[in-house]
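Working notes for the structure below.
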């Protein structure tokens with residue numbers, strides 16, 4: 001179904017940027033400047049919000065379409081594009097995810113979206129959710145790399161993968177009996193370990209949990 005791939009939700013939001021000839025620098029440049037200063041690691045405000053697999057922010061200047069017969073068309077304004085792969089709520093909607101963004105990253109959201117038309121601010125959660133959903137486009141062709149696992153489940157899998165790889169590296173040549181005993185201890189330790197915290201994974205700059213690309 002649109003917007004979904006397995007358990008993961010593909011969120012696409014286009015918000016028109018204010019066009020004010022008296023603004024200096026222009027609103028789109030202020031957005032670009034703020035995005036350039038955001039962390040792309042675990043300190044990213046989007047990484048702190050529960051349910052974010054990855055996020056991307058882009059300023060779109062224009063989309064030129066030449067139809068038939070040839071008539072050059074342009075956008076009436078520049079747009080802020082926000083894309084996120086996220087965990088939807090139990091009801092399958094993104095309301096709880098958007099509320100989490102407002103709670104954990106409200107100040108950053110205000111600094112970015114205050115340059116967009118009609119933005120109500122993150123403090124009014126209901127108005128914020130309505131605004132973001134009003135700017136949402138249906139994601140009709142969406143593929144999630146991890147489409148059947150939530151963010152906590154994915155982080156647990158990465159934690160287990162690293163622990164097993166480290167175990168293999170450090171237990172080369174060990175006697176079978178001792179190897180089995182220590183592997184069973186590793187399994188017990190992993191079973192008892194708490195769920196990894198949000199934004200605890202180390203990820204690349206291009207495909208990142210809660211990162212941004214401008």
If you go through the stretch 1-23, how many residues are free of Cβ contacts under 8 Å to residues at least 60 places away in the same chain and either over 17 Å from residue 59 (Cβ atoms) or touching a helix residue (DSSP H, G or I) at 6+ places or on another chain (Cβ under 7 Å) (or both)? 4
Among the residues of the stretch 126-141, is any modelled with pLDDT under 95 and surrounded by 15 or more Cβ atoms within 10 Å (Cβ to Cβ)? yes
Condition test on residue 167, is it in contact with a helix residue (DSSP H, G or I) (Cβ under 6 Å, 6 or more places away or on another chain), more than 30 Å from residue 114 (Cβ to Cβ) and modelled with pLDDT of 75 or more? yes
Residues in the stretch 126-144 that are in contact (Cβ under 8 Å) with a residue 12 or more places away in the chain and either farther than 20 Å from residue 80 by Cβ or part of a loop (DSSP other than H, G, I, E, B) (or both) total 7
Only one of these conditions is not met by residue 42: (1) at pLDDT below 85; (2) farther than 29 Å from residue 6 by Cβ. Which number is it? (2)
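Filter the stretch 149-177 for residues that are part of a loop (DSSP other than H, G, I, E, B) and over 19 Å from the mean Cα position of the chain (by Cα); which is nearest to residue 49 (Cα to Cα)? Show your work before the answer.
Our first condition is that a residue be part of a loop (DSSP other than H, G, I, E, B); within the stretch 149-177, this holds for 149-150, 171-175.
After this cut, where a residue has to be over 19 Å from the mean Cα position of the chain (by Cα) as well, the list is 171-175.
On the way: 171: 38, 172: 40, 173: 44, 174: 43, 175: 45 Å.
So, considering only residues that are part of a loop (DSSP other than H, G, I, E, B) and over 19 Å from the mean Cα position of the chain (by Cα), the one nearest to residue 49 (Cα to Cα) is 171.
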So, in the stretch 6-33, exactly how many residues are within 17 Å of the chain's Cα centre (by Cα) and surrounded by fewer than 19 Cβ atoms within 10 Å (Cβ to Cβ)? 4
What number goes with the only condition from (1) surrounded by fewer than 17 Cβ atoms within 10 Å (Cβ to Cβ); (2) touching a helix residue (DSSP H, G or I) at 6+ places or on another chain (Cβ under 6 Å); (3) in the same structural domain as residue 20 (by TED's automatic domain parsing) that residue 81 does not pass? (2)
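The values are calculated or read from the model by the stated rules, or taken from the named source; none is laboratory data. Source: prediction; values computed, not measured. Every residue, glycine as well, gets a Cβ built from its backbone with ideal geometry; the counts of neighbours run over all protein chains shown.
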